[in-house]
Structures are given as structure tokens and as C-alpha cells.
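The values are calculated or read from the model by the stated rules, or taken from the named source; none is laboratory data. What you are looking at is a predicted structure, and each value in this text was computed from that prediction instead of being measured. Heads up, the Cβs are rebuilt from the backbone with ideal geometry, glycines too, and the neighbour counts pull from every protein chain shown. Side chains are part of the model used for accessible areas, which takes the heavy atoms of the whole protein and leaves out ligands, DNA and RNA. Shrake-Rupley method; radii C 1.70, N 1.55, O 1.52, S 1.80 Å.
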Amino acid sequence: MTRPDAVSPVPARPLALCLLNPHAAGGRGAALAPALQAALHAADPALPPLQQPDSVAEAQARIAALAPGQRVLLAGGDGTLQRLLPALVAGGHELLLLPCGTGNDLARALGWHRAGWRGTLAACLHAPARPMDLGTLCADGGAPQWFASSLTAGFDAAVAQQAMRAPRWLRGMPRYLVATLATLATLAPHRLALQADGQALTGGEHLFASVLNTPSYASGMPVAPGARIDDGALDLVQAGRFGRLGALLAMPLLLAGWHARHPRIRLSRCQRLEVQAEAPLPLALDGEPIAPARRLQVAVAPAALRVVRA
């Protein structure tokens with residue numbers, strides 16, 4: 001298989017739309033607007049003005065109104081992008097992502113997280129874009145839903161839901177660690193049957209069975225350290241049966257990326273995955289909780305989106 005990044009990148013396209021999610025990072029995104037608008041104007045006075053849609057539907061409509069194949073600047077986090085992926089993919093648009101969210105795990109995979117939004121803007125405003133893979137989820141036979149970074153299923157999806165209720169002043173990894181400790185109080189295993197690329201995998205009780213396109217989730221936790229956004233595959237992380245104490249003791253391994261040596265944690269890669277759960281399974285896409293489901297169909301969409309990378 002020819003890797004997408006082996007193809008010479010096309011020249012950078014001019015920005016057609018600049019969007020800021022004012023609700024990103026627990027509502028702190030709005031405070032960035034004056035500085036971001038000033039930085040855009042200083043970089044090029046001819047750039048389109050910064051827009052702050054107040055709803056997902058409004059942001060989707062503004063992207064949908066573009067001619068096909070435009071470049072869109074999006075200031076926000078993983079959750080912001082996840083909601084706008086349908087419009088971006090449908091229009092064949094390029095993405096320039098400025099990391100302004102809580103987790104920013106896609107920005108990490110793109111090489112921009114440490115640069116912050118200012119450094120990213122300075123480095124990539126006129127940089128070419130390259131293809132990256134996306135993932136799709138069909139839950140209980142519903143319509144496909146896109147994800148760029150992760151599909152979490154089980155305990156870690158419940159953690160994502162708990163993180164939504166954490167204090168607003170908690171940011172990044174501490175927010176997810178506090179949410180993890182709170183979720184441990186109601187820990188419950190999930191009985192799953194799994195098939196990857198048509199082959200049955202070890203089933204039974206699971207703490208979680210999550211799929212990643214990026215090496216990390218939950219604000220930098222290196223759960224799938226070997227994952228790549230351009231390899232035409234998704235990385236599956238299965239955590240088997242754990243009690244509260246066992247799950248707590250496994251946390252340092254997950255934080256350090258050493259969990260592959262744990263006998264109850266398995267890492268593998270696949271292009272298609274089917275999961276059947278005995279009871280509704282907590283789910284989250286790119287850290288954003290969605291409705292629980294019993295039956296999951298997951299697939300990789302190779303080179304589905306062009307993004308600017310470091």
C-alpha cells in the first residue's frame with residue numbers, strides 16, 4: 001500500500017473561511033477572538049474575517065456554503081472538529097486546525113500541540129496539506145458518524161462523560177484524571193463479542209474496547225503509541241476484566257504508554273471492527289459522549305481529509 005504522505009503535497013490553498021468555536025475549552029474559546037483576529041490580520045490583511053458561529057448547525061452551514069475544495073481554519077479542539085467533519089468531508093475541504101480545546105489529541109498527532117495556536121498559525125498558514133485517515137462508526141445500525149482521533153467504548157467513554165461535568169478550571173490531563181477517579185466509583189464491566197477484519201477476537205468482560213486513529217486520547221494519554229493518522233488502519237485497545245483496584249493500578253501504565261505489557265490489555269490494528277455488547281455500551285467520539293449502543297460497526301476511511309501537518 002502506498003502511504004498517502006509519499007505523494008508530493010499540493011500547493012497551499014488560500015484560506016476561504018476562519019472559524020472559532022467560542023464554546024471550546026469549556027467556554028474559554030471566546031476570549032481568544034480578539035487576539036486571533038489581530039494575528040490573522042497581521043499575517044495577511046486580505047484573509048477572511050474570523051467568524052464565531054454560536055451553534056454547530058450554523059458552523060456546518062457556513063462550511064457547506066463554500067465552493068468545493070476550500071481551505072478552512074478551525075480554532076477549537078477535538079470535539080469541535082468532530083461535529084464539523086461531515087461538512088468538511090462532504091465539501092472536500094482542507095483543514096488548518098489551531099489547538100484551542102481541552103484535549104487537543106489530533107493537534108498532538110499533527111505535531112502542533114506544543115506550538116499552541118499562535119505558533120501553529122505562524123508555521124502553517126501557507127503550508128501545504130496532506131491526507132489523513134478518519135474513522136466511521138455505525139451504532140445500532142444508524143447513519144455513519146465520523147471521528148478523527150478516537151472512538152471510546154466502555155469505561156473510558158464514561159470517563160469522557162464525567163469530564164464534561166468536571167470543574168471548568170480543570171484543564172488538560174488533570175481534568176481526565178479527576179473524571180477517571182470519579183468514574184471508578186461506579187465501575188461496571190461490559191460483556192463484548194468482537195470481530196476485526198472478519199476474525200473473532202477475545203471477547204468476554206471488558207473494561208473498555210476503544211479504537212484510535214491518533215496515538216493518544218484524553219489530553220495526551222498514549223493509549224495507542226504506535227497509531228498513525230495515515231497508515232490506512234485503526235488501532236484497537238482492549239482492556240479485559242478489571243476491578244476498581246486493578247484499574248487504578250493500571251493507570252500509571254496507561255499514562256506512561258507501558259500498558260502493552262499488561263496481560264489483560266491487548267493492542268491490535270484493523271480496518272474494520274464489529275462489536276456486540278450484551279447491554280448498552282457508553283460511547284464517545286473524539287471525547288464527546290454520544291448515545292450508548294449495543295452493536296457497533298467501525299471502519300477506517302483512508303485519506304478522507306486533507307490537513308496541514310508539522
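Please enumerate the residues belonging to the stretch 125-137 that are open to solvent by less than 10 Å² (accessible area, probe 1.4 Å) and either touching a helix residue (DSSP H, G or I) at 6+ places or on another chain (Cβ under 9 Å) or among the aliphatic types (A, V, I, L, M) (or both). 129, 132, 133, 134, 137 - these are the residues of the stretch 125-137 that are open to solvent by less than 10 Å² (accessible area, probe 1.4 Å) and either touching a helix residue (DSSP H, G or I) at 6+ places or on another chain (Cβ under 9 Å) or among the aliphatic types (A, V, I, L, M) (or both).
How many residues does the stretch 293-310 hold that are open to solvent by 10 Å² or more (accessible area, probe 1.4 Å), in a strand (DSSP E or B) and aliphatic (A, V, I, L, M)? Qualifying residue count for the region: 5. The single residue among 38, 64, 31 that is exposed (fewer than 14 other Cβ atoms within 10 Å of the Cβ), at pLDDT below 95 and either out of contact with any Cys (no Cβ under 9 Å at 6 or more places or on another chain) or closer than 21 Å to residue 147 by Cα (or both) turns out to be 31. Residue 99 passes every criterion in (1) touching a residue at least 24 places away in the same chain (Cβ under 8 Å); (2) touching a helix residue (DSSP H, G or I) at 6+ places or on another chain (Cβ under 6 Å) apart from (1). As a summary of the residue check, residue 144 satisfies the conditions (1) under 23 Å from residue 31 (Cα atoms); (2) touching a Cys at 6+ places or on another chain (Cβ under 7 Å) except for the one numbered (1). Counting only helices (runs of 4 or more DSSP H) that sit completely within the stretch 7-88, those holding 3 or more residues that are closer than 22 Å to residue 135 by Cβ and of a type outside the set (Asp, Glu) correspond to 56-64. In the stretch 72-95, the residues that are within 17 Å of residue 52 (Cα to Cα) form Cβ pairs under 8 Å with partners that are assigned to a helix (DSSP H, G or I) and open to solvent by 20 Å² or more (accessible area, probe 1.4 Å), at six or more places apart or across chains, as follows: 75/32; 75/117; 83/56; 83/60; 84/56; 84/60; 87/60; 87/64.
Rundown of residues vs (1) at pLDDT 90 or above; (2) within 21 Å of the chain's Cα centre (by Cα), yes/no style:
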{"site": "186", "(1), (2)": "no, no"}
{"site": "194", "(1), (2)": "yes, no"}
{"site": "211", "(1), (2)": "yes, yes"}
{"site": "214", "(1), (2)": "yes, yes"}
{"site": "217", "(1), (2)": "yes, yes"}
{"site": "224", "(1), (2)": "yes, yes"}
{"site": "236", "(1), (2)": "yes, yes"}
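On the stretch given as the stretch 38-88, residues that are more than 27 Å from residue 287 (Cβ to Cβ) and in contact with a Lys or Arg (Cβ under 7 Å, 6 or more places away or on another chain) total 0. Of the set (1) closer than 24 Å to residue 53 by Cα; (2) under 11 Å from the mean Cα position of the chain (by Cα); (3) open to solvent by 10 Å² or more (accessible area, probe 1.4 Å); (4) not hydroxyl-bearing (Ser, Thr, Tyr), all apply to residue 105 but (3). The stretch 168-277 holds strands (runs of 3 or more DSSP E) entirely within its bounds, and those carrying 2 or more residues that are open to solvent by 40 Å² or more (accessible area, probe 1.4 Å) and in contact (Cβ under 8 Å) with a residue 24 or more places away in the chain map to 190-196, 265-270.
Residue check: is residue 112 among the aromatic types (Phe, Trp, Tyr) and out of contact with any helix residue (DSSP H, G or I) (no Cβ under 6 Å at 6 or more places or on another chain)? No. Among the residues of the stretch 182-237, those that are of a type in the set (Val, Ile, Thr) and farther than 26 Å from residue 113 by Cβ comprise 186, 202.
In this structure, residue 228 does satisfy being basic (Lys, Arg) and either over 19 Å from residue 296 (Cβ atoms) or at pLDDT below 90 (or both).
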